[in-house]
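Only one structure is covered here, and it is reproduced in the block below.
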Amino acid sequence: MELKDRFLQYVSFDTQSSEASETYPSTDKQLVLLRHLADEMRALGLTEVVTDAHGYTMGTIPASEGCENAPVVGFIAHVDTAPDMSGANVKPRIIEQYDGSDIPLNGQITMRVADFPELREFVGHTLIHTDGTTLLGADDKAGVAEIMTAAEYLMAHPEIKHGKIRIGFTPDEEVGRGVDHFDVKAFGADFAYTVDGGFEGELEYENFNAAGAKIEIQGRNVHPGYAKDKMINAIEVAAELGALLPAWERPEHTDGYEGFYHCVGFNGTVEKCSVSYIVRDHDAGKFEQKKRFLCDCAELMNRKYGEGTVKLTVKDQYFNMRKMVEPHPQVIDKALEAMRMADVVPIVRPIRGGTDGARLSFMGLPCPNLFTGGMNFHGKFEYASLTSMHKAMHVVINLAQLWAK
């Protein structure tokens, strides 16, 4: 199957994950695509294909004759799409040769180059974009399609020598639980790559240290006409606490290695409210400082308004994989070589986010991240360069060969 057709087929599956769910996977609809992928792998001739009790779907491209002792390399992508926007009834639109102009998504919404200047980098590419009513699902069905198409190519070309290759597809990456039950030993790879990046050439082995913060604020509601010296407005306390956090350390004012505090949720009334933050930093020391400062802000509010007014819970989510990947420089070196073989200019830079690979690296599976060609993830302006997707697929094929040498 052609890469384009495979990608269009996969985005037709609604696989949105849910932060509110306590099941695993968080939504049953993810299993529909995961089981489809298992069936497809079997049809292509892959072995050791299984979908386990948690939805993890794995398969093997057997080693070429004479390459049985080569390191086992894995390629991993997630099937779920973000809760931020609907992934149901996706209606992709295709531009065969993009000319660099604004892209009308529908009669009301246009993706303007002025707002997304990186579009200029895609002149001459074939682009696949949304109709402005859903996200596209390139995060990470582009990666899924690239891995599967590379697997089909390798199975159809036995003259290409490679070691044993393991393929894995995961649920719930978008809600931070993508590898909660991933069995690294059963996967059996020595090294792996997540195919979950964006712009062509991206190679990422540094990511944020990450924590989530939940703040519960108990106010005291009194009729506003008689509230003097009695009312504690939980909404105002939340705003006051937020104002203590440095304004220049918000996502919209940071870049590169700079960390941030990001308010991602607010719900409440005068009587009671809850606020959610995420805390990010590449530097472990600065990460710890940010968490301590947030705790200090909560303590200050309790001293001002009374003990128990603010309850703060901070939970670490993942850590910077660089510590676990750097001792294995061949993982990076081979990725750089595979990109050059595919006429891709490598762009090594930190991830301003995280991947399943970050946690897998700390679970004993060094796992940097490769580009997919997708852009503007999680929203209605999401698009993918089919031109870059083909190059990502060839990078996977090249890596399969390089690990056998």
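Do we have Ile278 as under 25 Å from Asn221 (Cα atoms), of a type outside the set (Ser, Thr, Tyr) and outside the structural domain of Arg349 (by TED's automatic domain parsing) here?
Working: under 25 Å from Asn221 (Cα atoms): no; of a type outside the set (Ser, Thr, Tyr): yes; outside the structural domain of Arg349 (by TED's automatic domain parsing): yes.
Criteria not met by Ile278.
Any residue in the range 296-310 that is closer than 29 Å to Ala358 by Cα and in contact (Cβ under 8 Å) with a residue 24 or more places away in the chain? Give the derivation first.
Pass one, the range 296-310, residues closer than 29 Å to Ala358 by Cα: 296.
Next, from what is left, pick out any that are in contact (Cβ under 8 Å) with a residue 24 or more places away in the chain: none.
No, there is no match, as no residue in the range 296-310 is closer than 29 Å to Ala358 by Cα and in contact (Cβ under 8 Å) with a residue 24 or more places away in the chain.
Looking at (1) surrounded by fewer than 19 Cβ atoms within 10 Å (Cβ to Cβ); (2) in a helix (DSSP H, G or I), can you tell me which one Ala358 breaks?
Every condition holds for Ala358 apart from (1).
What strands (runs of 3 or more DSSP E) lie completely within the range 47-133 and have 1 or more residues being more than 24 Å from the chain's Cα centre (by Cα) and in the same structural domain as Gly379 (by TED's automatic domain parsing)? Write out each step before concluding.
Values: elements: 47-51, 57-61, 73-78, 93-95, 127-129.
Result: 47-51, 57-61, 93-95.
Yes/no matrix, rows are residues, columns are (1) out of contact with any Asp or Glu (no Cβ under 6 Å at 6 or more places or on another chain); (2) of a type outside the set (A, V, I, L, M, F, W, C); (3) surrounded by fewer than 18 Cβ atoms within 10 Å (Cβ to Cβ):
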{"residue": "Ile232", "(1), (2), (3)": "yes, no, no"}
{"residue": "Ile235", "(1), (2), (3)": "yes, no, yes"}
{"residue": "Gly242", "(1), (2), (3)": "yes, yes, yes"}
{"residue": "Val264", "(1), (2), (3)": "yes, no, yes"}
{"residue": "Thr269", "(1), (2), (3)": "yes, yes, yes"}
{"residue": "Phe287", "(1), (2), (3)": "no, no, no"}
{"residue": "Arg303", "(1), (2), (3)": "yes, yes, yes"}
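Those residues that are over 17 Å from the mean Cα position of the chain (by Cα) and not in a helix (DSSP H, G or I), I need them from the range 367-397; list them, please. If you could, list the steps in order and put the result at the bottom.
Residues of the range 367-397 that are over 17 Å from the mean Cα position of the chain (by Cα), as a first pass: 385-388, 390-391, 393-397.
Once the filter is applied, which keeps residues that are over 17 Å from the mean Cα position of the chain (by Cα) and not in a helix (DSSP H, G or I), the range 367-397 yields only Ser385.
Against the definition (touching a residue at least 60 places away in the same chain (Cβ under 8 Å) and surrounded by 17 or more Cβ atoms within 10 Å (Cβ to Cβ)), how does Asp140 come out, yes or no? Let's see the steps before the verdict.
Details: touching a residue at least 60 places away in the same chain (Cβ under 8 Å): yes; surrounded by 17 or more Cβ atoms within 10 Å (Cβ to Cβ): yes.
Yes, satisfied.
Conditions: (1) modelled with pLDDT under 95; (2) not in a strand (DSSP E or B). Glu307 meets all but one. Number of the miss?
Glu307 satisfies every listed condition except (1).
Within the range 70-99, which residues are of a type outside the set (A, V, I, L, M) and in contact (Cβ under 8 Å) with a residue 60 or more places away in the chain? Don't jump to the end; show me each part of the working.
Of the residues in the range 70-99, the ones of a type outside the set (A, V, I, L, M) are 71, 74-75, 78, 80-81, 83-84, 86-87, 89, 91-93, 96-99.
Scanning the range 70-99 gives Pro71, Gly74, Phe75, His78, Asp80, Thr81, Pro83, Asp84, Ser86, Gly87, Asn89, Pro92.
Could you tell me which of the residues Met363, Met341, Met389 is under 14 Å from Glu202 (Cα atoms), out of contact with any strand residue (DSSP E or B) (no Cβ under 6 Å at 6 or more places or on another chain) and not charged (D, E, K, R)? Break it down into steps so the answer makes sense when it comes.
On the way: Met363 fails: under 14 Å from Glu202 (Cα atoms); Met341 fails: under 14 Å from Glu202 (Cα atoms).
Going through Met363, Met341, Met389 in turn, the sole match is Met389.
Would you mind finding the one in Thr81, Thr57 that is under 20 Å from Glu40 (Cβ atoms), surrounded by 15 or more Cβ atoms within 10 Å (Cβ to Cβ) and touching a helix residue (DSSP H, G or I) at 6+ places or on another chain (Cβ under 6 Å)? Explain how you work it out, then say what you get.
Details: Thr81 fails: touching a helix residue (DSSP H, G or I) at 6+ places or on another chain (Cβ under 6 Å).
The match here is Thr57.
May I ask you to list the residues in the range 207-230 that are under 17 Å from Arg280 (Cβ atoms), of a type in the set (Gly, Ala, Ser) and surrounded by 17 or more Cβ atoms within 10 Å (Cβ to Cβ)?
The answer is Ala210, Ala211, Ala213.
Any idea which residue in the range 23-46 is surrounded by the fewest Cβ atoms within 10 Å (Cβ to Cβ), counting only those that are touching a strand residue (DSSP E or B) at 6+ places or on another chain (Cβ under 7 Å) and assigned to a loop (DSSP other than H, G, I, E, B)?
Of all residues in the range 23-46, those touching a strand residue (DSSP E or B) at 6+ places or on another chain (Cβ under 7 Å) come to 27, 34-35, 37-38, 41-42, 46.
Now narrow it down to the ones that are assigned to a loop (DSSP other than H, G, I, E, B): 27, 46.
Values: Thr27: 20, Leu46: 23.
By that ranking, first place goes to Thr27.
The values are calculated or read from the model by the stated rules, or taken from the named source; none is laboratory data. Remember, predicted model here, so these are calculated numbers, not experimental data. Cβ sites come from the backbone with ideal geometry, for glycine too, and all protein chains shown count toward neighbours.
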